[in-house]
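Okay, structure first, notes after.
The values are calculated or read from the model by the stated rules, or taken from the named source; none is laboratory data. Quick caveat: nothing in here was measured; it's all calculated off a predicted structure. Here Cβ is always computed from backbone atoms with ideal geometry, including for glycine, and neighbour counts include all displayed protein chains.
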Amino acid sequence: MQSEIPKQYLKIRGKCILEYTLERFCSYPDIHGVVVALAEEDPYWSKLKIASHEKLILVTGGKERCHSVLNGLRSIEKLAEADDWVMVHDAARPCLRADDIDKLIQETNEGASGVILATPVRDTMKRAYRSNIVKETVEREHLWHALTPQMFRLSELISAMENALEQSLLVTDEAQAMEFCSKPPILVEGHVDNIKVTHPRDLLLAETILSHQENS
């Protein structure tokens, strides 16, 4: 992000990215608690207005995403039932729509291992050599962009994440850990405006999306 502060604390229209993200979950009636993984001695969190919200539970994050997620899951083991559903979401996705959360919840059932938001790949896909020369065109049929939230049962996700780490597999999302345990989730098509703020130009795009969502 070419920024001196973590990207989740960058501001859009006077409010931090993280605040927008947390508001999506704290305001959703069927979500009973929201766990936030923070870096040790985080100097920014306490300054946020939302930091005192009654639904929030704080944990210390880890070296990688998977470590932070596991810390968060373990923090609620005594607060939730083993088969309760939990969602994992990227702090830098502030444009999540409530109706996409609706879609995830509607797709959960007794037989499902989990559900994740995703969007079908629409562009022609290329695989390249390290020198950025095209190696081949990849068939885009059945390819999806994985998004978040990703939703699984608490105990099953903890077990999958622990298993992945025991095998020295640093999973990049929770679905990968579940796949590794032969419990692949269902793909639920979400909105393409559920972007992850990664590059400086994404700030303007997120601002545009948030303005449109608020106006509509």
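Scanning the range 75-105 for residues that are more than 17 Å from the chain's Cα centre (by Cα) and not β-branched (Val, Ile, Thr) turns up 75, 77, 78, 79, 80, 81, 82, 83, 84. Please count how many residues of the range 25-83 are closer than 16 Å to residue 151 by Cα, loosely packed, with under 14 Cβ neighbours inside 10 Å and among the hydrophobic types (A, V, I, L, M, F, W, C). Residues flagged as closer than 16 Å to residue 151 by Cα, loosely packed, with under 14 Cβ neighbours inside 10 Å and among the hydrophobic types (A, V, I, L, M, F, W, C) within the range 25-83 amount to 1.
Remark: residue 16 falls outside the filter, which requires a residue to be surrounded by fewer than 17 Cβ atoms within 10 Å (Cβ to Cβ), under 29 Å from residue 104 (Cα atoms) and of a type in the set (A, V, I, L, M, F, W, C).
Sub-8 Å Cβ pairs linking a first residue in the range 111-124 that is modelled with pLDDT under 95 to a second residue that is part of a strand (DSSP E or B) and surrounded by 18 or more Cβ atoms within 10 Å (Cβ to Cβ), at least 6 apart or interchain, are 113/152, ordered by first then second residue.
Take the conditions surrounded by 17 or more Cβ atoms within 10 Å (Cβ to Cβ) and over 15 Å from the mean Cα position of the chain (by Cα) and apply them to residue 158. Does it pass? Yes, satisfied.
Which members of the range 122-153 meet the condition of being charged (D, E, K, R), closer than 25 Å to residue 89 by Cα and either surrounded by 11 or more Cβ atoms within 10 Å (Cβ to Cβ) or in contact with a Pro (Cβ under 7 Å, 6 or more places away or on another chain) (or both)? Across the range 122-153, the qualifying residue is only 153.
Of all residues in the range 6-31, those that are more than 20 Å from residue 100 (Cβ to Cβ) have Cβ atoms under 6 Å from Cβ atoms of residues that are in a helix (DSSP H, G or I), 6 or more apart or on another chain, in 10/17; 16/9. Restricting attention to the range 1-18 and to residues that are touching a strand residue (DSSP E or B) at 6+ places or on another chain (Cβ under 9 Å) and in a helix (DSSP H, G or I), the residue that is farthest from residue 200 (Cα to Cα) turns out to be 18.
Would you list the strands (runs of 3 or more DSSP E) that sit entirely within the range 24-132 and hold 1 or more residues that are within 18 Å of residue 6 (Cβ to Cβ) and hydroxyl-bearing (Ser, Thr, Tyr)?
Working: elements: 34-38, 56-60, 85-88, 114-120, 125-128.
By residue number, 56-60.
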